[in-house]
Amino acid sequence: MLRMSPTAVVPALEVSGASPADVEADLIAVPIFESDDPAEDLRELDGATGNALMRALESREVEGRPYEIFLTPVTNGWRTGRIAFIGAGKRADFTTERLRKLATAAALQARQRRVQRFAWLNRGDIPLPEAVQAAAEGLALAAFSGDRYKSAERAAPALEEILILAGGPEDDRSALEARAERGRILGESCNFARELANEPSNVLTPSIFAERAADICRAAGVTVEVLGEREIAQLGMGLLLGVSRGSAEPPRVIVMRHSPPGAPASPVLGLVGKGVTFDTGGISIKPADGMERMKDDMAGGAAVICAMRAIALLNAPINVIGVVPATENMPGSRALKPGDVLTSASGKTVEVINTDAEGRLILGDGLWYAKHLGATHLVDVATLTGAAVVALGKVTSALFGQPDEWVEIVRRTGQAAGDRCWPMPLYDEYADQLRSEIADLLNTGGRPAGSITAAHFLQHFVNGVAWAHLDIAGTAWGAGKPYTPKGGSGFGVRLFVELARSLSR
Ligand code: BES
Ligand code: MN
Ligand code: ZN
């Protein structure tokens, strides 16, 4: 059976205080800023290239605009073949996020050129530990290729050796190495989530998804339990069972626990991810155009699984529970039909108006279960609504929840981690759209405010507990170039890991 492809795995990154003059590499990547002066700290590098940098800046062939690449040979006998100067924009606008993306873009360029020994030179005003982590993260993300099913012509090969050149005091080396390892684990876990999201649905059925989750998590020391149909029925998860009825593939609930010895009993972070391995829409079937994308309707679940892995590998001192309800949404002869009424594990009844609004159904039972298992702080993540794509495009995830303080923590953490999300309202008035004549709730609220009414639906299953909901319908799938691969983006992994770390403080 196929497991993680080698391009999702990232080899150890080395951090060194050496000067570029002493490095043996095929290529050193160096960020340059707009209005950088080669007469200053770039003098040595410029000299090594026979002043090619200076000439390029003077002729304005190179201006330092973001992601612009200027590749030039080393001519002075250093043991490095070439230098790739990469535009970093204005020095004053340089952020961790920009640095992370530049490192990815540079490493992707290097792979394209079949570089084996790659070095990244740290420049700019970001505090060193943070800069090293961001560079490691970006470089790790660049290891990913989505070509595991190409039998012959494969994409650019992986870099074999990666070195981060970061000067600074000698006694801080081990702290910098730890930050590089943190960045590597974050990037690699994100790659794993991308790979899962990219898997076609004939390969990644709910039960195979659960097996892969168990492999990934157990290797990292996470406890995994996979609930089958009988246990799901015993728990009364009628919403999940309702969605899975139309499919020949049985549903699963993947339950993961990170319980480090000595962690406080509270808080307990509960991560819940939508795991629809393919969404045809069910009887309310989707149009054929673009339906293939619906193989990634488990991207939220993949983010939860791979975040659990990273949280365990990084020994975050906090109890974390992950819950991923997994199913197909198919229009089989036993399928859920519009007008059917389902009873959730929480006891609430739902009139199903549209079988394509399946994500909120399975998450309703998933959220209930995470709370039942003791989560005090919930976050769910789901490719939930096309309306979220209309509202925020592919740049930002829609964020909902309660109380405002918890939502703000999630927003801020996402901003810092490189997984941006933006708050949307949950005013009571929207709840009217979900009123049913015959049950407690409708599963859809019509077209207006589609992502908000979906969030309102979920709110009915978390009553009281701090809860945030991320609608990643727009952000789960990347468009490609210069720093994101086409396909699964891994959105959420880095946010959750940093959330676990900050909640543990
Ligand atoms: N998985 C889809 C949402 C989606 C749409 C994700 C586009 C990624 C890209 C979800 O299950 C769905 O079908 N939502 C419906 C809800 C509607 C029927 C109320 C939608 O958004 O159209
Ligand atoms: Mn759907
Ligand atoms: Zn869906």
Report the residue count in the stretch 417-442 for those that are in contact with a helix residue (DSSP H, G or I) (Cβ under 8 Å, 6 or more places away or on another chain), buried (at least 16 other Cβ atoms within 10 Å of the Cβ) and not basic (Lys, Arg). 12
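Could you tell me whether the stretch 299-308 includes any residue that is within 16 Å of ligand 2 (Cβ to nearest atom), open to solvent by 40 Å² or more (accessible area, probe 1.4 Å), of a type outside the set (A, V, I, L, M) and within 16 Å of Ala357 (Cα to Cα)? If you could, list the steps in order and put the result at the bottom.
Within the stretch 299-308, the first condition is being within 16 Å of ligand 2 (Cβ to nearest atom), and the residues that meet it are 299-301.
Narrowing further to those that are open to solvent by 40 Å² or more (accessible area, probe 1.4 Å): none.
No, the conditions are met nowhere in the stretch 299-308.
Could you please give the count of residues in the stretch 347-364 that are closer than 24 Å to Thr280 by Cβ and either part of a loop (DSSP other than H, G, I, E, B) or away from ligand 2 (no atom under 16 Å from the Cβ) (or both)? Give the steps one after another, and end with the answer.
Step one: of the stretch 347-364, the residues closer than 24 Å to Thr280 by Cβ are 350-364.
Subset that is either part of a loop (DSSP other than H, G, I, E, B) or away from ligand 2 (no atom under 16 Å from the Cβ) (or both): 351-358.
So the answer is 8.
How many residues are within 15 Å of ligand 1 (Cβ to nearest atom) and either open to solvent by 40 Å² or more (accessible area, probe 1.4 Å) or closer than 11 Å to Asp279 by Cα (or both) if we restrict to the stretch 341-361?
Keep residues of the stretch 341-361 that are within 15 Å of ligand 1 (Cβ to nearest atom), which gives 350-361.
Cutting the leftovers down to either open to solvent by 40 Å² or more (accessible area, probe 1.4 Å) or closer than 11 Å to Asp279 by Cα (or both) gives us 353-359.
Result for the stretch 341-361: 7.
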Would you be able to say whether some residue in the stretch 316-327 is open to solvent by less than 10 Å² (accessible area, probe 1.4 Å) and touching a Pro at 6+ places or on another chain (Cβ under 6 Å)? yes
Taking the stretch 182-219 only, how many residues are assigned to a loop (DSSP other than H, G, I, E, B), hydrophobic (A, V, I, L, M, F, W, C) and buried (at least 19 other Cβ atoms within 10 Å of the Cβ)? 1
Out of the residues in the stretch 379-404 that are crowded, with 24+ Cβ neighbours inside 10 Å and in a loop (DSSP other than H, G, I, E, B), which is farthest from ligand 3 (Cβ to nearest atom)? Thr385
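Any residue in the stretch 2-19 that is aliphatic (A, V, I, L, M), within 30 Å of Arg194 (Cα to Cα), open to solvent by less than 30 Å² (accessible area, probe 1.4 Å) and not in a loop (DSSP other than H, G, I, E, B)? Spell out how you get there, then give the answer.
Taking the stretch 2-19 and keeping what is aliphatic (A, V, I, L, M), we get 2, 4, 8-10, 12-13, 15, 18.
This time we only want the ones that are within 30 Å of Arg194 (Cα to Cα), so: 2, 4, 8-10, 12-13, 15.
Within this subset, residues satisfying the condition of being open to solvent by less than 30 Å² (accessible area, probe 1.4 Å) are 8, 10, 13, 15.
Pick out the ones that are also not in a loop (DSSP other than H, G, I, E, B) and you get 15.
So far as the stretch 2-19 goes, yes, one or more of its residues are aliphatic (A, V, I, L, M), within 30 Å of Arg194 (Cα to Cα), open to solvent by less than 30 Å² (accessible area, probe 1.4 Å) and not in a loop (DSSP other than H, G, I, E, B).
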Given the stretch 226-330, what strands (runs of 3 or more DSSP E) lie entirely inside it while holding 3 or more residues that are in contact with a Lys or Arg (Cβ under 8 Å, 6 or more places away or on another chain) and modelled with pLDDT of 95 or more? 275-279, 319-329
Members of the stretch 467-483 that are under 19 Å from Asn198 (Cα atoms) and part of a strand (DSSP E or B): Asp471, Trp477, Gly478, Ala479
Taking the stretch 139-171 as the region of interest, how many residues are part of a loop (DSSP other than H, G, I, E, B) and closer than 26 Å to Pro200 by Cα? 17
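The values are calculated or read from the model by the stated rules, or taken from the named source; none is laboratory data. Owing to the predicted nature of the structure, the values given are computational and were not obtained by experimental measurement. Reconstructed Cβ throughout: ideal geometry from the backbone, glycine too, with neighbour counts over all protein chains shown. Note: accessible area is taken over every heavy atom of the protein model, side chains too, but ligands, DNA and RNA are not part of it. Shrake-Rupley method; radii C 1.70, N 1.55, O 1.52, S 1.80 Å.
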